[in-house]
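Asks: The structure under discussion is supplied below as structure tokens; questions concerning it will follow.
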Amino acid sequence: MNINIFGSTGIIGKKTLELIDKNFSKIEVNLLCAKSNSNLLKKQIYKYNPKYAFLYDGFKFKYKKNIIGKTKILNFNELLNYLSNSKSDLSILAISGYKSLYFLDHIVKNTNFLGIVSKEAIVSAGHIFKKKNYFKKTKIIPLDSEHFSLFELFKKTGNFNSINKIILTASGGPFHKRKFNTLKNIKFSEAIKHPKWKMGYKNSIDSATLANKCLEIIEAHYLFDIPYEKLNILIHPEAIVHSVVEYNNYVTHLNLFKNDMKIPIYNFLLHSNSKYKIYNKKLFLSDYNNLNFKNVSNDIFPIFKLFINLNKKKPQNLIKFNIGNEYAVNLFKNNMINYTDIYKIIEKVTSINLYSSVNTIKDIINYHEEIERKLQHFKINNI
């Protein structure tokens, strides 16, 4: 079987290749795609010899005839054409930000099993997943730990109708004990120091602000067709319990596994029909000691309150929340705003009055770009 990896130089892509190398040697790496890390992508090409590779910032590759070893380097149009006219067994979509939407339609048509980690794609386009029959065209398997835990439970029980409530857990990031108004002078290097997970900077910042859980509630709504009123969040600093499902018969399931993204990826790769191999990531009795849970405090995570009050029946509002967060995180990364300004910018962006059609992937991309054009005239100094 073969695999296409979109985001091969990121955390998820690297973990996937490590698992293939050590546990799934019969999976052939067919396509590697990256955004800008040309040096690492070259190393991956030489090691895994994929048939194809793609770099979003393609000007960084200047090889004669666009060949590295035996690997053909595709340009953007060649990649889309290849995906439209071929079939892969497995694909992992792990591109951060809404740019993954450029590939989504083509990937869904191309692959039998799609492991998806690009929450921004689901947040912006989840409302058309059913409309475009994505769930029938491919088997979509969420790889975020919370949604993976729900997927595994529902796969075994098939029990959706008797759910009273679903709770997604959040570690709370590095500042879950500090009030938001004390964090103005927090540095970028402090905000990305996640206490439990090793993630890219975007997910790390989102975890610190709790914006990631807002996005994950939207994901759960779209992936499992769960009403928003049945979805909630608890702070769980140990990051051992990933979701809690409360049924109408007063039985509650806690879904637990180690806080290691290789566990969802490992289970996804088992769809290659590879023989089960030992992967020692079991929980021990000592891991169950001192598990703590607490409700979300608005004084610590005001972004969550903003999200709760958002009119989520309009996809445009969810897209604006997504865009505002991504825009603000990049400003913070580039030292252009304070940490506490992330909330203010999301609030301003969600208030933008723009309700264009978002009924197709092209519509959604256009909507993103229109908001981004408006943000070019944003008065950052006035927030």
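Asks: With every protein chain kept in place and ligands, DNA and RNA left out, what is the accessible area per residue of the range 172-240? Probe 1.4 Å, answer in Å².
Replies: 42
Asks: Also, I was wondering about something else. Share of antiparallel DSSP beta bridges in the range 1-150, in percent to the nearest 5?
Replies: About 5 percent, rounded to the nearest 5.
Asks: While we're looking at this one, here's another question. Where a ≥ b ≥ c are the square roots of the eigenvalues of the C-alpha gyration tensor, would you call the range 101-154 rounded, which needs a/c under 1.5, or, failing that, prolate if a/b is larger than b/c, or oblate?
Replies: prolate
Asks: In the set [x] 31, 27, 21; [y] 66, 29, 20; [z] 31, 23, 21, which value of semi-axes √(5λ) of the Cα gyration tensor in Å was calculated from the structure you see?
Replies: Derived directly from the coordinates: [x].
Asks: Arrange the residues ASP21, ASP144, ASP287 by how much accessible surface each exposes, largest first, with a 1.4 angstrom probe.
Replies: Greatest to least solvent exposure: ASP21, ASP287, ASP144.
Asks: Any chance you could look up the accessible area of GLU229 with a 1.4 Å probe, heavy atoms only, rounded to 10 Å²?
Replies: Near enough 150 Å² of accessible area.
Asks: Roughly speaking, what is the centre-to-centre gap between the range 222-269 and the range 107-185 when only Cα atoms are used, to the nearest Å?
Replies: Here the answer is 10 Å between Cα centres.
Asks: Applying a 10 Å radius around every beta-carbon, put 28-35, 43-50 in order of their mean neighbour count, most first.
Replies: 28-35, 43-50
Asks: Using a 1.4 Å probe on the protein chains only, how many percent of the accessible area of the chain belongs to carbon and sulfur?
Replies: That share works out to 47 percent.
Asks: How would HIS236, HIS253 rank on accessible area, largest to smallest, probe 1.4 Å?
Replies: Correct descending sequence by accessible area is HIS253, HIS236.
Asks: Roughly speaking, what is the stretch gain from ASN330 to TYR46, that is 0.36 nm per residue apart minus the C-alpha to C-alpha distance, in nm to one decimal?
Replies: In short, 99.1 nm is gained.
Asks: Per-residue ellipticity at 222 nm for the chain, helices alone: DSSP H runs ≥ 4 residues times -39500 (n - 2.57), over residue total, nearest 500 deg cm²/dmol?
Replies: -12000 deg cm²/dmol
Asks: Only Cα pairs under 8 Å and at least 6 apart count here; give the relative contact order of the chain as a rounded whole percent.
Replies: 16
Asks: I've got another one for you. Sorted by accessible area with a 1.4 angstrom probe, largest first, how do MET261, MET336 fall?
Replies: MET336, MET261
Asks: For TYR327, what accessible area in Å² do you get when you roll a 1.4 Å probe over the heavy atoms of the protein chains, rounding to the nearest 10?
Replies: 60
The values are calculated or read from the model by the stated rules, or taken from the named source; none is laboratory data. Everything numeric in this text was worked out from a predicted model, so none of it was measured. No Cβ is skipped: glycine too gets one built from the backbone with ideal geometry, and neighbour counts run over all protein chains shown. These accessible areas exclude ligands, DNA and RNA; they are computed on the full protein's heavy atoms, side chains included. Shrake-Rupley method; radii C 1.70, N 1.55, O 1.52, S 1.80 Å.
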